[in-house]
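Q: Dropping the structure in here first, questions after.
What follows is calculated from the coordinates using simple rules that are stated; it is not laboratory data. None of these values were measured; they are calculated from a predicted model. Every residue, glycine among them, receives a Cβ derived from its backbone with ideal geometry; neighbour counts consider all protein chains shown.
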Amino acid sequence: MSEDKPEQVKRLLELRDRIDGIDSDIARLISERANCALEVAEVKKHSGEGESALYYRPEREAQVLRRAMERNPGPLTNEEMARLFREIMSACLALEEPVKVAYLGPEGTFTQQAALKHFGHSAVSKPLAAIDEVFREVEAGAVNYGVVPVENSTEGVVNHTLDSFMTSNLQVCGEVELRIHQHLMISDITRKDSITRIYSHAQSLAQCRKWLDSYYPNVERVAVASNAEAAKRVKGEWNAAAIAGDMAAELYGLKILSEKIEDRPDNSTRFLIIGSQAVPASGDDKTSLMVSMRNEPGALHDLLAPFQKHGIDLTRVETRPAQSSNWTYVFFIDFVGHRDSENVAAALKEVGAGASDIKVLGSYPRGVL
Ligand SMILES: C=C(O[C@@H]1C=C(C(=O)O)C=C[C@H]1O)C(=O)O
């Protein structure tokens, strides 16, 4: 029951009138923006590319989001402001043509959350069962892009993703980072004092290792294919719980027993957007590179020296065994800068001269959201 005094009632009505007026301005402006996007589509269609025209432009989207943050007058946070613009752009792009995205499923995984964060909710998304299936689906042209996890701040690199690049010609078109919160969840039929088994993906179990050691030291930890799969299993077992994220809890109607149980509060995962398009510079970009070096003294030094010489910031260096022969290695290197910029091009040329094989996996906008 409202107990507002007459002057409060009056003030409330005034404010709500103002909000109604602002909303109709926003609606008109969003429609105007959507019409502009439709015209952009026409221009793209007649640009010579015809039906294969690329409507989605990662570098342009990154610039729009960065600008939304830079000019944000508050009181909304920059992230909230960018998120709103993310959805407006997603809806505008869907008028041109909805972007089709495959992700490492099933529904309810963190990868799905990353896909929605990156492309917005108007994208058409398709869950696939394994990382190499996501690569294949994009290669076959059945979808425009794929989303796969590549590294976690607690558990390190996702080997399947790096290894897939060894046999694929796909490009990295973008990156997205997601804060990962893990929750312990149960179903209606779970007897919470009789839990003998906890299901989750191996990465998630590892991210909650200390918490599990303290609170469920004698409970069996069962690694399954995904967190969503873990959530699904708990629905039919009275003595089991699952560790998964919000989306899985919601999707499978589970109850969260303990929230945010990850050992490190800054636990986050980085995902890559893979596609077949080379992305132009956005003004703040990263490049991913795959290099094989001859197995000889000083190889690693020769590989890294050009980056230092040209003042390029490395953000990650990973080593994986080459698939071609035993005891030879492939390096995965991420650095700040776009392949088209002078210092990056010069460094790549020098690295290439000393390498037995070099492949630029892509230059792409640094993750904004
Ligand atoms: C409108 C365009 O196309 C798409 C939609 C965008 C938007 O709504 O701002 C931005 C980039 C593209 O993904 C464009 O290229 O400018």
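Q: Say each of Lys349 and Asp163 gets a label point 7 Å from the Cα, pointing the same way as Cα to Cβ; how far apart are those two points in nm?
A: Label at Lys349, label at Asp163, 3.7 nm between them.
Q: Output wanted: per-residue J couplings in Hz (rounded whole) for the range 252-264, from phi through Karplus 6.51 cos²θ - 1.76 cosθ + 1.60, θ = phi - 60°, x for Gly and Pro.
A: Computed from phi, the couplings for the range 252-264 are 9, x, 9, 9, 7, 8, 9, 9, 6, 9, 5, 5, 10 Hz.
Q: If neighbour count is taken as other Cβ atoms inside 10 Å, put Val43, Val143, Val148 in order from fewest to most. Kindly include the intermediate steps, with their values, before the conclusion.
A: Numbers: Val43 9, Val143 20, Val148 26.
Fewest to most other Cβ atoms nearby, the residues stand as Val43, Val143, Val148.
Q: Still on this structure: For Glu151, what is the net charge nearby, where nearby means another residue's Cβ is under 12 Å from its Cβ and Lys, Arg count +1, Asp, Glu -1? Each step should come with its number before you reach the end.
A: Numbers: positive: Arg270, Arg316; negative: Glu155, Glu175, Glu177, Glu318, Asp334.
Surrounding charge for Glu151 is -3.
Q: Can you sort Thr77, Thr161, Thr111 so the residue with the fewest Cβ neighbours within 10 Å comes first? Please report the intermediate quantities before stating the final value.
A: Working: Thr77 11, Thr161 21, Thr111 29.
The fewest-first ordering by Cβ neighbours comes to Thr77, Thr161, Thr111.
Q: Continuing with this model, one more query. Expressed in nm², what is the orientationally averaged projection area of the convex hull enclosing the Cα positions of the chain? Each step should come with its number before you reach the end.
A: Working: hull surface 99.2 nm².
Seen from a random direction, the Cα hull of the chain projects 24.8 nm² on average.
Q: Moving on. Which of Trp238, Trp211, Trp327 comes first, and how do the rest follow, when ranked by fewest Cβ neighbours within 10 Å? Could you put the intermediate results ahead of the total?
A: Details: Trp238 13, Trp211 17, Trp327 7.
With the sparsest Cβ surroundings first, the list reads Trp327, Trp238, Trp211.
Q: Further question on the same structure: Kindly flag which residue pairs out of Lys192/Lys235; Lys192/Lys260; Lys117/Lys235; Lys126/Lys210 have an alpha-carbon separation exceeding 24 Å in this structure. Provide the component values of the computation, followed by the final result.
A: Numbers: Lys192/Lys235 13 Å; Lys192/Lys260 18 Å; Lys117/Lys235 27 Å; Lys126/Lys210 34 Å.
Flagged as over cut-off: Lys117/Lys235; Lys126/Lys210.
Q: If you plug each phi of the range 80-89 into the Karplus form 6.51 cos²θ - 1.76 cosθ + 1.60 with θ = phi - 60°, what whole-Hz ³J(HN,Hα) values come out, in order, with x for Gly and Pro?
A: The phi angles translate into 5, 4, 5, 4, 5, 5, 4, 6, 4, 5 Hz.
Q: If you don't mind, another one. Going by Cα centres, the range 65-140 and the range 170-247 are how many Å apart?
A: Spelled out, the Cα-based centre of one part sits 24 Å from the other.
Q: Quickly work out the Leu54-to-Val9 label distance, labels modelled 7 Å from Cα along the C-beta direction, and quote it in nm with one decimal.
A: 6.0 nm
Q: Another question, then. Explain nothing, just the number: relative contact order of the range 1-132, from Cα pairs under 8 Å at least 6 residues apart, as a whole percent. Display every interim value, and only then the final one.
A: On the way: 106 pairs, mean separation 25.3, N = 132.
Value for the range 1-132: 19 percent.
Q: Moving on. Using just the helices of the chain, give the 222 nm mean residue ellipticity in deg cm²/dmol: DSSP H runs with n ≥ 4 each add -39,500 (n - 2.57), and the total is spread over all residues, rounded to 500.
A: Details: 12 runs with 149 residues, N = 369.
-12500 deg cm²/dmol, from helical runs alone.
Q: Suppose we look only past 18 Å in the calculated P(r) of the range 1-148. What percent of the Cα-Cα pairs does that tail hold?
A: 68 percent
Q: Now, a different point. Setting aside same-chain residues fewer than 8 positions from Lys10, which lysines have a Cα under 27 Å from its Cα?
A: Filter leaves no residues.
Q: Any idea how far apart Asp132 and Cys36 come out in nm if each label point goes 7 Å out from Cα toward Cβ?
A: 4.6 nm
Q: So for the chain, averaging the separation of alpha carbon pairs under 8 Å that are six or more residues apart and normalising by length, what relative contact order in percent results?
A: 18 percent
Q: To continue, here is another question. Using modelled backbone amide H atoms (1.01 Å from N, in-plane), which distant-in-sequence or interchain residues come within less than 5 Å of Glu151's amide H?
A: The answer is Val158, Arg270.
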